[in-house]
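Participant: After the structure tokens below, expect a handful of questions from me.
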Amino acid sequence: MTPFFEVDKKIEIASEQAMKKCAQQFENIEKTTEYNQLKVQAAFIKHNISESHFCSSTGYGYNDRGRDALDKVWATVFGTEDALVRHNFTCGTHTLATALFGVLRPGDKMLCVTGTPYDTLHNVIGISGNGMGSLKDFGILYEEIPLKNNRLDYNAIKNAVDSSVKMVYLQRSRGYELRPSLLVEEIEKAVRISKAENPNVIVMVDNCYGEFVERNEPSDVGADLIAGSLIKNAGGGIAPTGGYIAGRKDLIEKCAYRQTTPGLGKEVGATLGHNREFYMGLFHAPHAVGEALKSAVFISALFESFGYKTTPAYDDKRGDIVQSLELENPESLIAFCQGVQQGSPIDSFLTPEPWDMPGYDSKVVMAAGTFTLGSTIELSADAPIREPYCAWIQGGLNFHSAKICAMLAAHQMLERGLLK
Ligand SMILES: *Cc1c(COP(=O)(O)O)cnc(C)c1O
């Protein structure tokens, strides 16, 4: 198949068969990619983006045209009144925290309707941790509604939302849970139910890993505020760091007062040369997400053909770019991650080993041969060494590159006598 990598014939044949199975899904993905690419392109054109928007500011960053126009392009793409796209959001968690602290006030209640949120939000909300200055420390109340059979519990949402609830919060992606991610139509239904009970409620969506997976975004179906990381989907693999918040103008203003200071808001913030990368990243994002989705579908089809349980299945509808494989034992997880690493463009010569990681209660083995440290729109795999021995895979800036990594992962397992 290729003179550049050594892959067992058996894996090559399985890979060809997996490709055939993926054809229909690939066609669907291509259509979504095209729709979203044109959406982004039209937004650039609408706002007359030119080379002058790539200019850099320093110091206070007053009147940074590139920064201000990027917010407008972003708002157009996500169907919102305004947006806040900044390189000094250090990660997704920081971006989400800024939005939460930006709009919630002492005595307000936040209601998460997708079960317990992503791990890193626990300290932000005050579900765990003490004295760190969480929302809880500032008198913000928190309640959550568990999922029911892995889906939104619409009845429970209807019963829980009343005038005492300031914010309904949803997490679109499954994160590291074996549940399906939310589809935008499900988010729409939750919005409709929540606003019928309390028209003033603010619906916020953690949009991490979800951008450009479907034609609509949560903000197109009534969410008031969405936020995500730029080293995931929306940065297109080009943004080197950063995050975004998009939504209602009054809410974005509050988020900006939190991100800088009350009074200064969006008026300050030097862009230090990042504008061009952010524009280019947004431009590439629909395509990068399409490639990541194709990679996930292929990996799912390939490993299913070997007899492993994969979620989602290759032909399932997807709400995010995350793929998990139940590899059944620690040795297989390690072989898989080492195979992925071997094929990566960066750090291919490193051998990932299981390690104690902060915030995990078991050792974790990770494969990440990425251009941007920690970027998960680039192909990456991580696997906590604990039951049910799942590898979590996301990203793939281009399908061909991710495909060979998946084949090398299978090859490593085969070589060690682990492949079913
Ligand atoms: C990645 C992610 C976050 C934020 O994580 P960071 O590592 O801080 O960028 C939050 N929620 C979900 C669902 C995520 O996938």
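Participant: Here are some residues: L84, L111, L121. Which one is within 15 Å of the ligand (Cβ to nearest atom) and not in a loop (DSSP other than H, G, I, E, B)?
Facilitator: Result of the check over L84, L111, L121: L121.
Participant: Here is a further query. Do we find that G139 is surrounded by fewer than 21 Cβ atoms within 10 Å (Cβ to Cβ), more than 30 Å from K317 (Cα to Cα) and at pLDDT below 95 in this structure?
Facilitator: Answer is no for this residue.
Participant: Being at pLDDT below 95 and either among the aliphatic types (A, V, I, L, M) or surrounded by 21 or more Cβ atoms within 10 Å (Cβ to Cβ) (or both) is true for just one of M19, M1. Which residue is that?
Facilitator: M1
Participant: Filter segment 233-254 down to the residues that are crowded, with 18+ Cβ neighbours inside 10 Å and either within 16 Å of the ligand (Cβ to nearest atom) or at pLDDT below 95 (or both) and list them by number.
Facilitator: Correct list: N233, A234, G235, G236, G237, A239, T241, G242, G243, Y244, I245, A246.
Participant: Follow-up. Among the residues of segment 370-388, count how many are in contact with a helix residue (DSSP H, G or I) (Cβ under 6 Å, 6 or more places away or on another chain) and farther than 15 Å from Q323 by Cβ.
Facilitator: 1
Participant: If you don't mind, another one. S56: modelled with pLDDT under 95 and out of contact with any Lys or Arg (no Cβ under 7 Å at 6 or more places or on another chain), yes or no?
Facilitator: It is true that S56 is modelled with pLDDT under 95 and out of contact with any Lys or Arg (no Cβ under 7 Å at 6 or more places or on another chain).
Participant: Among the residues of segment 319-326, are any surrounded by fewer than 19 Cβ atoms within 10 Å (Cβ to Cβ) and either away from the ligand (no atom under 16 Å from the Cβ) or of a type outside the set (S, T, Y) (or both)?
Facilitator: Looking for residues that are surrounded by fewer than 19 Cβ atoms within 10 Å (Cβ to Cβ) and either away from the ligand (no atom under 16 Å from the Cβ) or of a type outside the set (S, T, Y) (or both), one finds at least one in segment 319-326, hence yes.
Participant: Here's another thing I want to ask about it. Kindly establish whether F349 is more than 17 Å from the chain's Cα centre (by Cα), among the aromatic types (F, W, Y) and either outside any loop (DSSP other than H, G, I, E, B) or buried (at least 20 other Cβ atoms within 10 Å of the Cβ) (or both).
Facilitator: no
Participant: Could I ask something else about it? Residue pairs, Cβ under 6 Å, 6 or more apart or interchain, first in segment 371-382 and over 16 Å from L293 (Cβ atoms), second among the aromatic types (F, W, Y) and within 11 Å of the ligand (Cβ to nearest atom). List them.
Facilitator: D382/W392
Participant: For a quick check of your reading of the model, give me the residue pairs whose first member lies in segment 220-232 and is more than 16 Å from the ligand (Cβ to nearest atom), whose second is part of a strand (DSSP E or B) and not charged (D, E, K, R), with beta-carbon atoms closer than 6 Å and at least 6 apart or on different chains.
Facilitator: Filtered contacts from segment 220-232: D224/I202; D224/V203; D224/G247.
Participant: Which of the residues spanning segment 184-205 are within 15 Å of the ligand (Cβ to nearest atom) and outside any helix (DSSP H, G or I)?
Facilitator: Passing the criteria: M204, V205.
Participant: In segment 296-316, which residue that is more than 19 Å from H400 (Cα to Cα) and small (G, A, S) is surrounded by the fewest Cβ atoms within 10 Å (Cβ to Cβ)?
Facilitator: G307
Participant: Would you mind stating whether L178 is part of a loop (DSSP other than H, G, I, E, B) and of a type in the set (A, V, I, L, M)? Explain how you work it out, then say what you get.
Facilitator: Numbers: part of a loop (DSSP other than H, G, I, E, B): yes; of a type in the set (A, V, I, L, M): yes.
Against the criterion (part of a loop (DSSP other than H, G, I, E, B) and of a type in the set (A, V, I, L, M)), L178 qualifies.
The values are calculated or read from the model by the stated rules, or taken from the named source; none is laboratory data. Predicted model only: the values in this text are computed from it and were never measured. Every residue, glycine as well, gets a Cβ built from its backbone with ideal geometry; the counts of neighbours run over all protein chains shown.
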